[in-house]
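Worksheet for the structure shown next.
The values are calculated or read from the model by the stated rules, or taken from the named source; none is laboratory data. Because the structure is predicted, anything quoted here is derived from the model rather than measured. We place every Cβ from the backbone using ideal geometry, glycine too, and count neighbours over all the protein chains shown.
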Amino acid sequence: MILGFLVFSIMSIAMLAAAYSDALTMTIPNWISLFLLASFFIIVPFVWQSAAVFGEHLLVGVSVFLFGFLLFAKGWLGGGDAKLMAATAFWWQWSDLLMYFVYTTLAGGFIAMIILWGRKFIPAQVLTAPWLHNLVKDEKRMPYGLALAFGALATLPQSEIFKLAVN
């Protein structure tokens, strides 16, 4: 039970910090991704199943890192977003990864619709806070860390690693 709380706390703190930072500054600090990755390796011995399952976690993480790198190279995803997505993916197995991508995509679409609506209908003069002005009026960037955070927090309770941690 304590381990489950610890896993939940690690993921929540990291994802909320990433979402907050991305919404305010359009950047995700490297320490958040490094914290998630290091925490995964610290938690693994306590939820150990087998070398094969550990290998699956590593394969998922490395695959998502390469996928994120490709998206970043194409200019479709920011560097901080790609690193956060990869660090989070180490916590998942293949079945968890599918849920993570579905939740993240749905949240990203919703956030994009809100931002596009704001760009069209909210006058720039109303957006007095610089971060809010950047969030709504920057036509080249979107804080995808918000969607990644939602995806991770929605996936976590159903993930294999969390189920093992709470048992």
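Would you mind stating whether Asp96 is charged (D, E, K, R), assigned to a helix (DSSP H, G or I) and closer than 13 Å to Leu148 by Cα? Spelling it out, it is not the case that Asp96 is charged (D, E, K, R), assigned to a helix (DSSP H, G or I) and closer than 13 Å to Leu148 by Cα. Does at least one position in region 119-126 carry a residue that is modelled with pLDDT of 90 or more and assigned to a helix (DSSP H, G or I)? No; the residues of region 119-126 include none that is modelled with pLDDT of 90 or more and assigned to a helix (DSSP H, G or I). Mind checking which residues of region 1-31 are within 18 Å of Phe162 (Cα to Cα), in contact (Cβ under 8 Å) with a residue 60 or more places away in the chain and more than 12 Å from the chain's Cα centre (by Cα)? The answer is Met1, Leu3, Gly4, Leu6, Val7, Phe8. Inspection of region 38-58 finds a residue satisfying the criterion of being over 14 Å from Gln93 (Cβ atoms), under 16 Å from the mean Cα position of the chain (by Cα) and surrounded by 15 or more Cβ atoms within 10 Å (Cβ to Cβ). Close Cβ contacts (under 6 Å, 6 or more residues apart or on different chains) running from residues in region 142-167 that are more than 10 Å from Met15 (Cβ to Cβ) to residues that are modelled with pLDDT of 95 or more and of a type in the set (D, E, K, R) comprise Tyr144/Asp81; Thr155/Asp96; Ser159/Asp96.
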